[in-house]
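The values are calculated or read from the model by the stated rules, or taken from the named source; none is laboratory data. Computed from a prediction, not measured in an experiment: that's the story for all the values here. A quick note on method: Cβ atoms are made from the backbone with ideal geometry, for glycine too, and the neighbour counts reach across all protein chains shown.
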Amino acid sequence: MKPASLLSALLAGALVAGTAAVGAGTLDKARAAAKFTIGYNKDARPFSYQSGGKPAGYAIPLCDKVAEALKAQLNAPTLVVEYVPVTLDDAFRAVDQGRIDLLCGAVPTLERRTLVDFSIPILLTGTGVAVRSDAPLRLTDALAGRDPVDAPVWRGSTDQAPQHVKLAVVAGLPLEKVLGTHLKERRIYADVVQVKDPEAGLQLLAGGGADAFFHDRLLLVEAVGSSKAGGVKVLDRLFRRDFVALGTRRNDDEFRLLVDFTLSRLYRTQDMSALYTRHFGPPNPAVLDFFDLVALPD
């Protein structure tokens with residue numbers, strides 16, 4: 001069965017089963033308004049941002065694919081697709097209140113799921129850490145997850161003296177308790193400094209006001225690569241893993257099925273690999289396995 005025919009059959013089945021949202025769902029709303037509104041965070045490079053006043057970033061082409069599928073499903077090629085910048089604080093309420101029809105990328109949490117539903121994941125990311133190249137070796141090894149080098153312990157050894165460090169984190173991002181325990185096992189004692197945004201964290205790190213800065217790893221890679229902060233590197237380790245997904249209105253199963261169908265079909269094509277490469281570099285086998293795993297079978 002052709003993709004469009006299969007999707008139509010699935011959506012019709014969902015309606016017959018009575019699982020569609022009560023009242024006007026996203027498809028009905030878009031048909032009546034002749035418009036489909038997508039919200040995106042303009043300050044979340046490389047996931048989404050503004051370039052020349054227009055939306056750009058990894059998540060935007062995925063949302064474009066959803067808009068194309070919606071046009072095909074409604075047989076409405078002239079449907080207006082509008083991108084609207086939203087803040088993270090307001091994004092989920094905007095979906096819930098119908099001010100936007102699709103949220104172009106966010107990390108699902110239980111609290112957020114009280115307001116919105118989420119698609120299958122569009123990316124696996126998580127908390128990473130940036131350090132200065134001259135950071136204490138004991139700290140760098142601990143943050144990288146490397147075992148301490150076995151060596152004779154001598155009185156007065158710097159490896160045995162307590163070490164006090166400062167860890168910067170964007171306000172609201174929790175650090176795992178296990179990290180603090182792991183550092184203390186190596187006699188490293190950390191004070192946590194909160195900063196308002198990634199730029200402030202990198203500036204603090206580069207200026208010597210912090211020994212390490214924790215943030216979303218992919219955002220750190222982008223920020224370090226585009227900044228002029230020399231002598232800063234991002235470690236490979238992920239301290240926690242997070243999914244990024246698209247946000248939809250709660251209980252709108254008909255539209256969410258269209259979104260998941262569109263993403264699942266895309267993940268099984270070379271277009272997905274090219275899209276990932278354009279923003280993050282060539283995908284390794286683990287990334288390819290991830291997309292193969294989350295893509296739903298027909």
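Things to note:
- Residues located in region 43-68, provided they are within 15 Å of Leu246 (Cα to Cα) and of a type outside the set (Val, Ile, Thr): Ala44, Phe47, Ser48, Gly57, Tyr58, Ala59, Pro61, Leu62, Cys63, Asp64, Lys65, Ala67
- Residue check, Ala210 touching a Leu at 6+ places or on another chain (Cβ under 8 Å), crowded, with 18+ Cβ neighbours inside 10 Å and farther than 18 Å from Arg45 by Cα: yes
- Here no strands (runs of 3 or more DSSP E) wholly within region 94-139 include at least 2 residues being of a type in the set (Ser, Thr, Tyr), out of contact with any Leu (no Cβ under 9 Å at 6 or more places or on another chain) and under 20 Å from Glu254 (Cβ atoms).
- When residues of region 251-268 are limited to those that are aliphatic (A, V, I, L, M) and surrounded by 24 or more Cβ atoms within 10 Å (Cβ to Cβ), the one farthest from the chain's Cα centre (by Cα): Leu258
- Among the residues making up region 119-144, those that are polar (S, T, N, Q) and either surrounded by 19 or more Cβ atoms within 10 Å (Cβ to Cβ) or in contact with a Cys (Cβ under 7 Å, 6 or more places away or on another chain) (or both) are Ser119, Thr125, Thr127, Thr140.
- Among the residues of region 183-192, not a single one is modelled with pLDDT under 90, of a type in the set (A, V, I, L, M, F, W, C) and under 22 Å from Pro46 (Cβ atoms).
- Summed over region 61-82, residues that are under 28 Å from Gly126 (Cβ atoms) and buried (at least 20 other Cβ atoms within 10 Å of the Cβ) total 3.
- Among the conditions (1) among the hydrophobic types (A, V, I, L, M, F, W, C); (2) out of contact with any Ser or Thr (no Cβ under 9 Å at 6 or more places or on another chain); (3) loosely packed, with under 15 Cβ neighbours inside 10 Å, Ala34 misses just one, which is (2).
- Filtered by the rule that a residue be surrounded by 17 or more Cβ atoms within 10 Å (Cβ to Cβ) and either part of a helix (DSSP H, G or I) or assigned by TED's automatic domain parsing to the domain that holds Ala67 (or both), region 222-237 gives Glu222, Ala223, Val224.
- So Ser264, is it within 22 Å of Arg45 (Cα to Cα), of a type in the set (Ser, Thr, Tyr) and either without any contact (Cβ under 8 Å) to a residue 24 or more places away in the chain or part of a helix (DSSP H, G or I) (or both): no
- Residue that is at pLDDT below 95 and either closer than 18 Å to Leu257 by Cα or in contact with a helix residue (DSSP H, G or I) (Cβ under 9 Å, 6 or more places away or on another chain) (or both), where the choices are Phe36, Phe47: Phe47
- Taken over region 94-111, the residue count meeting the criterion of being free of Cβ contacts under 8 Å to residues at least 24 places away in the same chain and either under 13 Å from the mean Cα position of the chain (by Cα) or surrounded by 13 or more Cβ atoms within 10 Å (Cβ to Cβ) (or both) is 1.
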